[in-house]
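A quick write-up on the structure given underneath.
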Amino acid sequence: MGQSEEQSGAAKEPQLELFDNETEQNESTAFFSGACDDEFTATEIESLVTIVNTMELPPHEMGSVFAKYHFLLEQYTRFKAISERTTIKNRYSYFYTMIQSERDKQRGEQP
């Protein structure tokens, strides 16, 4: 019994650590999702943030997380304006391409 209790106790610890990281990831995803009016799935938001993480953004007085949020908000506002004039079949794909394009411009890459 003593060994199985120790083993189960050891097994619980990584699960709690994983849960904390997962909780933080979910909170981060929900935060960034707000910049996009919660239109996209968590996985879609994570992929957008992955691109934004590779960019150099103007500093924000409240830190890099807010700089990323405001960049997404600015791009999403532009996206909404475009979507009012143009029919967009796959909104996530279009927005993803917009973000990629901004990153590529920043790097000096041509599409």
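Hey, does the stretch 45-52 have a residue that's open to solvent by less than 50 Å² (accessible area, probe 1.4 Å), modelled with pLDDT under 95 and not charged (D, E, K, R)? Reasoning before the result, please.
Going through the stretch 45-52, the residues open to solvent by less than 50 Å² (accessible area, probe 1.4 Å) turn out to be 45, 47-49, 51-52.
With modelled with pLDDT under 95 added as a condition, the list becomes none.
Checked against the condition, which is being open to solvent by less than 50 Å² (accessible area, probe 1.4 Å), modelled with pLDDT under 95 and not charged (D, E, K, R), the stretch 45-52 yields no hits at all.
Pull up the stretch 28-41, narrow it to residues that are over 8 Å from the mean Cα position of the chain (by Cα) and not in a loop (DSSP other than H, G, I, E, B), then point me to the one that is surrounded by the fewest Cβ atoms within 10 Å (Cβ to Cβ). Reasoning before the result, please.
Step one: filter the stretch 28-41 for residues over 8 Å from the mean Cα position of the chain (by Cα), giving 30-31, 34-41.
When the remaining residues are screened for being not in a loop (DSSP other than H, G, I, E, B), the result is 30-31, 34.
Working: Ala30: 12, Phe31: 15, Gly34: 14.
So the residue we want is Ala30.
Name the residues in the stretch 58-78 that are among the polar types (S, T, N, Q) and open to solvent by less than 70 Å² (accessible area, probe 1.4 Å), would you?
Step one: of the stretch 58-78, the residues among the polar types (S, T, N, Q) are 64, 75, 77.
Answer for the stretch 58-78, where residues must be among the polar types (S, T, N, Q) and open to solvent by less than 70 Å² (accessible area, probe 1.4 Å): just Gln75.
Quick one: in the stretch 81-99, which of the residues that are open to solvent by 60 Å² or more (accessible area, probe 1.4 Å) and part of a loop (DSSP other than H, G, I, E, B) is nearest to Lys68 (Cα to Cα)? Show your work before the answer.
Filtering the stretch 81-99 down to residues open to solvent by 60 Å² or more (accessible area, probe 1.4 Å) leaves 84-87, 89-91, 94, 96-97.
In the following step, the residues that additionally are part of a loop (DSSP other than H, G, I, E, B) were identified as 86-87, 89-90.
Details: Thr86: 26, Thr87: 27, Lys89: 26, Asn90: 23 Å.
The selected residue is Asn90.
The values are calculated or read from the model by the stated rules, or taken from the named source; none is laboratory data. Model, not experiment: these values are computed from the prediction. Positions of Cβ are backbone-derived with ideal geometry, glycine not excepted, and every protein chain shown enters the neighbour counts. Note: accessible area is taken over every heavy atom of the protein model, side chains too, but ligands, DNA and RNA are not part of it. Shrake-Rupley method; radii C 1.70, N 1.55, O 1.52, S 1.80 Å.
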